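The values are calculated or read from the model by the stated rules, or taken from the named source; none is laboratory data. As the structure is a computational prediction, the values presented were derived from the model and not from experiment. Here the Cβ positions follow ideal geometry from the backbone for every residue, glycine too, while neighbour counts run over all protein chains shown. In case anyone asks, the SASA skips ligands and DNA or RNA and just uses the protein heavy atoms, side chains included. Shrake-Rupley method; radii C 1.70, N 1.55, O 1.52, S 1.80 Å.
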Amino acid sequence: MFVPLNIHSEYSLLESCIKIEDLVKKAYKLGYKALGLTDHNTMGGLVEFYRHCNQTGIKPILGIELDLSGLPGCSRVALLAKNDQGYQNLLKLASEVKPVGLNTLARFTAGLIGLVNFEDPAAAPEGYGKLSRLFEAAGLFVELAFTDPTSRQRAEQLHQKLPPQVFAVGSRLSYLDDKQKPLLKVLGQEQSGLSLLPPQQMAELYRDYPEAVKNTMMIAERCSVKLQAETAFPQLPKPHDLTALAWEGAAKRYPRVTPEVAERLQHELGVIESMGLSDYFLIVWDIVRYAKEAGIPVGPGRGSAAGSLTAYCLGITDIDPIEHNLFFERFLNKKRRNLPDIDLDFCGDKREQVIEYVIKRFGKDHTARIGTYGTYGYKSAVNEITKVYGRAEPELVQQLVGLKQYFSTHAAGVIITPKPVTAYTGVNQVDGVNVTQLAMDDLEYLGVLKIDFLGLRTLTVLKEIEAEVQKKEPNFSLEAIPDHDQPTFQLLEEGLTLGIFQLESSMFQELLPEIKPKSFQDLAAVLALGRPGPLKQVPTYIKRREGREPVRYVHPKLEPILSETYGLIVYQEQVMQVAHEIAGLSLEEADLLRVAMSKKDHAVMQELRAKFVAGCQQNGLDFRAANELFLQIDRFADYAFNKAHSAAYARITWQASYLKANYPLEFYLGLIRHTVDIEKLGEIYRDCQLRGIRVIAPDIRFSEVSASVEAESLRIGFSSLKFFGYSQAERLVAERSRGEFTNLFDLFQRVDLHLNAKLALAYSGALDCFGERRKVLRQIARLENQPLPAGSDLELLEKEKEMVGIYLTGHPAAGWHVFLERLKPSLGRYAAGHIKNVKDLGQSVAGILEGENRRWRFLLPKGSNLWHDLIKEGELAAFFGRFYQNRIDAELILPLKPLLLIKPIPKQAVKLRDTLVKSRGSTPVLFVLGQDLIQIIDPSLWVDAGFDWLSALADLTEYVHWIDPWRSRVLADNMEISRGKREMGGGN
């Protein structure tokens, strides 16, 4: 029977469309007992291949096909591992620079079988002789492969040149069946070769070469490699005692080490030692210790690791798990037997420094970044298939989606190994750095230590804000921020969370005024509830918190567990605590139940349910109540969040909130210095203004590289302007330090700036000291010998916003105030500004109206009229309706753009209506119905901006006026009508 030995999977990027799971499934159906995977220059797919083969009972033959140099007529060689030594040699060869030379190959052929194909049959005898000397006896075979008469003739010629026992049927597969074959063209490959055929069919195809068929089975029998997880950790260069370090840390963390602390720490250390994880904790401790000693900000914890008292005592985390009722078993469970996962957050600017320390500490050969594989998404699959075939066949798209497309480096993952990395995985060199060919899941399968080094920009910003505060309060520190502060809670209650870690989204800005957090525990709950599933619980949470709905517990013991979340199960730790304290399960079993519920593992759930119900009955619940409690926590388990992570990240959120509430200038400075997007900068400036902080325009005389403080105001820096880079800003400020710029010519002669940068300075107002803005722009036009539009007042204002992110010298709504005041007697109170954050709520439309000096939330019910259609993102509009503190229940909306003010002749009302209907468009129309009585007419009667129909209104109206305070219309016939006569003009 035949065995395919040379198969390429999707890990041979853009060369094969075979996904490993599909390959193994089809091979199993076809009756194959063994398979060989030899991806091109990579071993990235071998662990996945090994796992799938073991699941189906197919023998995996592990290999690689390498580019080869130094052997004329032969550019590649496929290598198969006979044994563990051969597999180790494969890993080393996979890590070499490609193509691999013969001398390099010769060093690593022990335990390997080679498969080679000669393009020129005449060169085969010499090439085979030269190459076979590098392998062990009977260690090199020549592939015999054909798919058409031409390749068959070549195979026959090759067969005549060498002894029959050196041949093996070749099978370099790159697609599984004919349905996949068209994908090869999309990948840029020839549509040649065979698909995966049944073994009997392959044997029949090569019936003239029985020994070559037999050799494939013989090779498969000779190959046997077992991949085993080897949980071993490198040791620090200098030995340390984990137990001693932990107790030493406990003495620093707690003024008095209580029996509760001592018992918990002793238990954790015992579990850590019994699971062989002491070295792991020491490695993480050493990394965090280095970062803190180097002044690099480190996060307070991430994920379930914050539930470990040992990690807290070692300084790895900064959240007290006892104070916050967090469980070690959520992080590490002997019954789960999985590796712990401590992810570390560092200052984004210094993360690489920490990784460099790790590389030096353990050696380059023992560290590597983790590789990852990008895949085709739906959109890219459609695009690629359309390029080749002119249209995207759904079946082809479905096959291409998810196929591996490119190799890259994982953003955060690093492995540290006791043996050289190449004892576990092939390695690619990317910019001089080791990057594993195996992806993260496969490395974890092998038991390799992985740590995520994450860069958290917020930590960088907080450190800079801290430094700014220390300029006036030297003793201030982030660690000393109190856990309760009324100004901070007030800020959160108002939803003023722009720039605050995790709370920036509009969802949280709307949620916070409803929840009104009053404690750190409330804040942690907000972070847990602010996700799609748990959001359903928010109304109940608020009602119970405000006493509008009673909190009932089926057992008194539930109250201390669920009281902080008002009887709702919000956290995974609460699921565990209920199972432990009410049902009597051990914490390890409670953690297993949590996992089973989240994964819907019904077998484990049923096994533990009986024990859960029995334990509840022993605690006084009847059978029905015990079952109801089980079902209740099962319902909530899907939505429950990791409390350890929520509490740890709430610490960062609280620090940012405290700084914004108590040190706003310093907060905004830090935020601006780490923001480059102009729109985002504009939001920050607006936030400053809304909180009463004056934002001063950039000025060529006073601005610094970044934002700066001037007399409790915030001055915009040059680097925050559009088209103005940081290095340009530095050059400009450095040149100014040599002497003030006397005029525009002096500035541009001394500082080399491109045109866009010059215009950014002019439009932003930075050059206003040299004269009126239009005059400065004319001077730039002359100096550049390039025409520049003069621009209307409104256009200059919009240019100012484009360069800075905010209006500084005026606001588009300001020009409308005189006219809007005329409408107040008729329409009532109004607010004018730009519409933002529009949301369709089904029966209504909601959003934010951002005015010149204020911001309102609005709600507009959908009715039979078309007012809701006028709610458009970014539109300048006036809202009329009922006003509350910071909210508008809108009734009418008027887009603030050129509009028509008409006084109709009452007798002509019907004709006027018919005329307007014929000219339907988006230009607003208002009727003057009497002294101080003006109405916005229904949008269905608004008109088109074309004016060929305007003369038809002469006999139907007393007058028609254009209202255009900014004079922004560009009309071929700027015409108004007054008392039935046509007159030229432009009204305001």
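Select from region 127-152 the residues that are touching a Phe, Trp or Tyr at 6+ places or on another chain (Cβ under 8 Å) and part of a helix (DSSP H, G or I) and write down the one among them that is farthest from residue 6 (Cα to Cα). That would be 127.
Could you tell me how many of the residues in region 885-913 are in contact (Cβ under 8 Å) with a residue 40 or more places away in the chain and either of a type in the set (A, V, I, L, M) or in contact with a Pro (Cβ under 6 Å, 6 or more places away or on another chain) (or both)? Residues flagged as in contact (Cβ under 8 Å) with a residue 40 or more places away in the chain and either of a type in the set (A, V, I, L, M) or in contact with a Pro (Cβ under 6 Å, 6 or more places away or on another chain) (or both) within region 885-913 amount to 10. For beta carbons closer than 7 Å, sequence separation of 6+ or different chains, a first residue in region 683-709 that is open to solvent by 20 Å² or more (accessible area, probe 1.4 Å) and a second that is assigned to a helix (DSSP H, G or I) and of a type in the set (Asp, Glu), the qualifying pairs are 705/730.
Between 314, 265, 282, which is of a type in the set (A, V, I, L, M, F, W, C), at pLDDT 95 or above, in contact with a Ser or Thr (Cβ under 7 Å, 6 or more places away or on another chain) and open to solvent by less than 40 Å² (accessible area, probe 1.4 Å)?
Values: 314 fails: in contact with a Ser or Thr (Cβ under 7 Å, 6 or more places away or on another chain); 282 fails: in contact with a Ser or Thr (Cβ under 7 Å, 6 or more places away or on another chain).
Being of a type in the set (A, V, I, L, M, F, W, C), at pLDDT 95 or above, in contact with a Ser or Thr (Cβ under 7 Å, 6 or more places away or on another chain) and open to solvent by less than 40 Å² (accessible area, probe 1.4 Å) holds for just one of 314, 265, 282, which is 265.
Which ones in region 581-596 are in a loop (DSSP other than H, G, I, E, B), open to solvent by 40 Å² or more (accessible area, probe 1.4 Å) and of a type in the set (A, V, I, L, M)? Break it down into steps so the answer makes sense when it comes.
Step one: of region 581-596, the residues in a loop (DSSP other than H, G, I, E, B) are 582-586.
Still in the running and open to solvent by 40 Å² or more (accessible area, probe 1.4 Å): 584.
If the condition is that a residue be in a loop (DSSP other than H, G, I, E, B), open to solvent by 40 Å² or more (accessible area, probe 1.4 Å) and of a type in the set (A, V, I, L, M), then no residue fits.
Taken over region 808-853, the residue count meeting the criterion of being of a type in the set (Asp, Glu) and free of Cβ contacts under 8 Å to residues at least 12 places away in the same chain is 2. Scanning region 352-404 for residues that are out of contact with any Ser or Thr (no Cβ under 9 Å at 6 or more places or on another chain) and of a type in the set (S, T, N, Q) turns up 353, 375, 380, 383, 386, 398, 399.
Candidates are the residues of region 404-434 that are surrounded by fewer than 21 Cβ atoms within 10 Å (Cβ to Cβ) and under 22 Å from the mean Cα position of the chain (by Cα); the one that is farthest from residue 374 (Cα to Cα) is 412. Considering region 737-754, the residues that are hydrophobic (A, V, I, L, M, F, W, C) and open to solvent by less than 40 Å² (accessible area, probe 1.4 Å) include one that is farthest from residue 700 (Cα to Cα), namely 753.
Within region 761-791, being without any contact (Cβ under 8 Å) to a residue 24 or more places away in the chain and either open to solvent by 60 Å² or more (accessible area, probe 1.4 Å) or in contact with a Cys (Cβ under 7 Å, 6 or more places away or on another chain) (or both) holds for 772, 774, 775, 778, 782, 785, 787, 789, 790. Residue pairs whose Cβ atoms lie under 8 Å apart, sitting 6 or more positions apart in sequence or on different chains, and linking a residue in region 190-210 that is more than 19 Å from residue 17 (Cα to Cα) and small (Gly, Ala, Ser) to a partner that is open to solvent by 90 Å² or more (accessible area, probe 1.4 Å) and assigned to a loop (DSSP other than H, G, I, E, B), are 203/1.
So that you can scan it fast, the table gives a plain yes or no per residue for (1) without any contact (Cβ under 8 Å) to a residue 24 or more places away in the chain; (2) polar (S, T, N, Q):
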position: 284; (1), (2): no, no
position: 292; (1), (2): yes, no
position: 297; (1), (2): no, no
position: 301; (1), (2): no, no
position: 304; (1), (2): no, yes
position: 309; (1), (2): no, no
position: 343; (1), (2): no, no
position: 346; (1), (2): no, no
position: 354; (1), (2): no, no
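Conditions tested, residue by residue: (1) part of a helix (DSSP H, G or I); (2) of a type outside the set (D, E, K, R).
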{"site": "273", "(1), (2)": "yes, no"}
{"site": "281", "(1), (2)": "yes, yes"}
{"site": "286", "(1), (2)": "yes, no"}
{"site": "290", "(1), (2)": "yes, yes"}
{"site": "301", "(1), (2)": "no, yes"}
{"site": "306", "(1), (2)": "yes, yes"}
{"site": "312", "(1), (2)": "yes, yes"}
{"site": "323", "(1), (2)": "no, no"}
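Can you confirm whether residue 644 is in contact with a Leu (Cβ under 6 Å, 6 or more places away or on another chain) and farther than 30 Å from residue 722 by Cβ? So that I can check it myself, show each step before the final result.
Details: in contact with a Leu (Cβ under 6 Å, 6 or more places away or on another chain): yes; farther than 30 Å from residue 722 by Cβ: yes.
For residue 644, the condition - in contact with a Leu (Cβ under 6 Å, 6 or more places away or on another chain) and farther than 30 Å from residue 722 by Cβ - is met.
Would you mind finding the one in 517, 556, 539, 560 that is at negative phi, in a loop (DSSP other than H, G, I, E, B) and out of contact with any helix residue (DSSP H, G or I) (no Cβ under 7 Å at 6 or more places or on another chain)?
On the way: 517 fails: out of contact with any helix residue (DSSP H, G or I) (no Cβ under 7 Å at 6 or more places or on another chain); 539 fails: in a loop (DSSP other than H, G, I, E, B); 560 fails: in a loop (DSSP other than H, G, I, E, B).
Only one candidate passes the filter, namely 556.
Within region 465-487, does at least one residue satisfy the condition of being open to solvent by less than 10 Å² (accessible area, probe 1.4 Å), part of a loop (DSSP other than H, G, I, E, B) and either touching a residue at least 40 places away in the same chain (Cβ under 8 Å) or within 28 Å of residue 370 (Cβ to Cβ) (or both)? No, region 465-487 contains no residue that is open to solvent by less than 10 Å² (accessible area, probe 1.4 Å), part of a loop (DSSP other than H, G, I, E, B) and either touching a residue at least 40 places away in the same chain (Cβ under 8 Å) or within 28 Å of residue 370 (Cβ to Cβ) (or both).
Under the condition of being without any contact (Cβ under 8 Å) to a residue 12 or more places away in the chain, part of a loop (DSSP other than H, G, I, E, B) and under 17 Å from residue 717 (Cβ atoms), the residues counted in region 729-748 number 1. In region 333-349, the count of residues that are under 21 Å from residue 455 (Cα atoms), in a loop (DSSP other than H, G, I, E, B), out of contact with any strand residue (DSSP E or B) (no Cβ under 6 Å at 6 or more places or on another chain) and small (Gly, Ala, Ser) is zero. Among the residues of region 761-773, those that are part of a helix (DSSP H, G or I) and either within 18 Å of residue 804 (Cα to Cα) or of a type in the set (Asp, Glu) (or both) comprise 761, 762, 763, 764, 768, 769, 773. For region 70-80, the criterion of a residue being among the basic types (Lys, Arg) and in contact with a Ser or Thr (Cβ under 8 Å, 6 or more places away or on another chain) is satisfied by no position.
What tally of residues in region 749-760 results from selecting those that are aliphatic (A, V, I, L, M) and either in a loop (DSSP other than H, G, I, E, B) or in contact (Cβ under 8 Å) with a residue 60 or more places away in the chain (or both)?
Here is the first cut: in region 749-760, the ones aliphatic (A, V, I, L, M) are 751, 753, 755, 757, 759-760.
Now drop any that are not either in a loop (DSSP other than H, G, I, E, B) or in contact (Cβ under 8 Å) with a residue 60 or more places away in the chain (or both), which leaves 751, 753.
Residues meeting the conditions: 2.
In the set 942, 867, only one residue is aromatic (Phe, Trp, Tyr) and either open to solvent by 60 Å² or more (accessible area, probe 1.4 Å) or more than 18 Å from residue 838 (Cα to Cα) (or both); that residue is 942.
Got a number for residues in region 110-126 being part of a loop (DSSP other than H, G, I, E, B) and modelled with pLDDT of 95 or more?
Initial filter on region 110-126 (part of a loop (DSSP other than H, G, I, E, B)): 110-111, 117-120.
Going one step further and asking which of them are modelled with pLDDT of 95 or more, we end up with 110-111.
Counting residues in region 110-126 that are part of a loop (DSSP other than H, G, I, E, B) and modelled with pLDDT of 95 or more gives 2.
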